[in-house]
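Below is one structure, written out as structure tokens; the observations come after it.
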Amino acid sequence: MASLLFFTLYAPLAGFGDLAVGERRIGADRPTRSGILGLCAAALGLERDATAALTALSAGLDLALRLDADGRVVQDYHTVQSVEAPKRAKQPWPTRAAALAAGNVSTLVSQRDYRSDLFVTVALHARPGTDPGLLPRVATALARPVFTLYMGRKACPLGLPLRPALVTAETLGHGIDQYDATRPIPEQRVRAVLRLGEALRYVADTGWQRDDLLGPEFTCERTEQRRDAARGGRGWQFDLRDELVLSRRKPEGRAA
């Protein structure tokens, strides 16, 4: 038996980064690992320069997602004023207002992808050797976050409470069924409006397979690589990681 933490992510509008070069900022079709762990870090009140705590959070948790609805792509025509930094200056401007006041302002134009009505069920489990208090602390923080939480970008507030819940289960499937059984009425109504039924797909870190938490009901269709494993700090640098794309066999008469 394992202790698993589940919570719900839904927003009318969500934005998840992908490789972005130039004017076209393509968005991912599902939350990134760095985004989910960043959400947990914000709930815990961790600043970006809390390198040791952020590293421990990332090293201690494996992530799985049930993609109930991947939403519809919405593109935004985005403009932002920018100032070229002086050469050889590590921190040329103390504030954005100071930078703009310095003059020589230009305008950057980009197109950015968002997702409307994205609905995801998130599962976390602690890797072997991790502090046993980590998952309970994250669960408590998600229920009463220190910082305001949002879906990828600050303009994307959450559309439902996260509803974090710790569940003891043998496998991911057993745990998610227990979590679904406690679904509150507001969440049921949103799912009914969105006409959610069978999950689109499941994805998971390889640790779920390593720790034998998938069980026989899950089949790994393929392994994909995503560049969304944050290196930590303010560098905005990400490493590649393997992600399992799963399908699930469910007993007749039971919804996803």
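The values are calculated or read from the model by the stated rules, or taken from the named source; none is laboratory data. Small disclaimer: the values here were computed from a predicted structure and weren't measured. Cβ: placed from backbone, ideal geometry, glycine included. Neighbour counts: every protein chain shown. Just so you know, the surface numbers come from the protein's heavy atoms only, side chains and all, with ligands and any DNA or RNA stripped out. Shrake-Rupley method; radii C 1.70, N 1.55, O 1.52, S 1.80 Å.
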Mind checking which pairs have a first residue in segment 121-133 that is free of Cβ contacts under 8 Å to residues at least 40 places away in the same chain and a second that is open to solvent by less than 20 Å² (accessible area, probe 1.4 Å), Cβ under 9 Å, 6 or more apart or different chains? G129/G60
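Just to check your reading of the model, which residue among A155, A230, A169, A139 is closer than 30 Å to E47 by Cβ and either at pLDDT 95 or above or open to solvent by less than 20 Å² (accessible area, probe 1.4 Å) (or both)? Outline the logic, then answer.
Numbers: A155 fails: either at pLDDT 95 or above or open to solvent by less than 20 Å² (accessible area, probe 1.4 Å) (or both); A230 fails: either at pLDDT 95 or above or open to solvent by less than 20 Å² (accessible area, probe 1.4 Å) (or both); A169 fails: closer than 30 Å to E47 by Cβ.
Answer to the selection: A139.
Every residue in segment 166-180 that is outside any helix (DSSP H, G or I) and of a type in the set (V, I, T), please. Give the derivation first.
Restricting attention to segment 166-180, the residues satisfying the condition of being outside any helix (DSSP H, G or I) are 166-171.
The answer is V167, T168, T171.
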Matching entry among R183, R153, R163, R191 (being part of a helix (DSSP H, G or I), within 23 Å of L39 (Cβ to Cβ) and among the basic types (K, R)): R191
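Taking the options P94, P31, name whichever one is at pLDDT 75 or above and part of a loop (DSSP other than H, G, I, E, B). I'd like the intermediate steps shown before the answer.
On the way: P94 fails: at pLDDT 75 or above.
Criteria check complete, one pass: P31.
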List the residue pairs whose Cβ atoms are under 9 Å apart, where the first residue sits in segment 33-57 and is more than 25 Å from L67 (Cβ to Cβ) and surrounded by fewer than 20 Cβ atoms within 10 Å (Cβ to Cβ), the second is polar (S, T, N, Q) and at pLDDT below 95, and the two are 6 or more positions apart or on different chains. A56/T130
Can you name the number of the only condition in (1) touching a Phe, Trp or Tyr at 6+ places or on another chain (Cβ under 9 Å); (2) open to solvent by 40 Å² or more (accessible area, probe 1.4 Å) that L162 fails? (2)
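Residues in segment 123-130: is at least one touching a Lys or Arg at 6+ places or on another chain (Cβ under 8 Å) and either within 22 Å of V190 (Cα to Cα) or of a type in the set (V, I, T) (or both)?
yes
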Pull up segment 202-224, narrow it to residues that are open to solvent by 50 Å² or more (accessible area, probe 1.4 Å) and of a type outside the set (S, T, Y), then point me to the one that is farthest from the chain's Cα centre (by Cα). P216
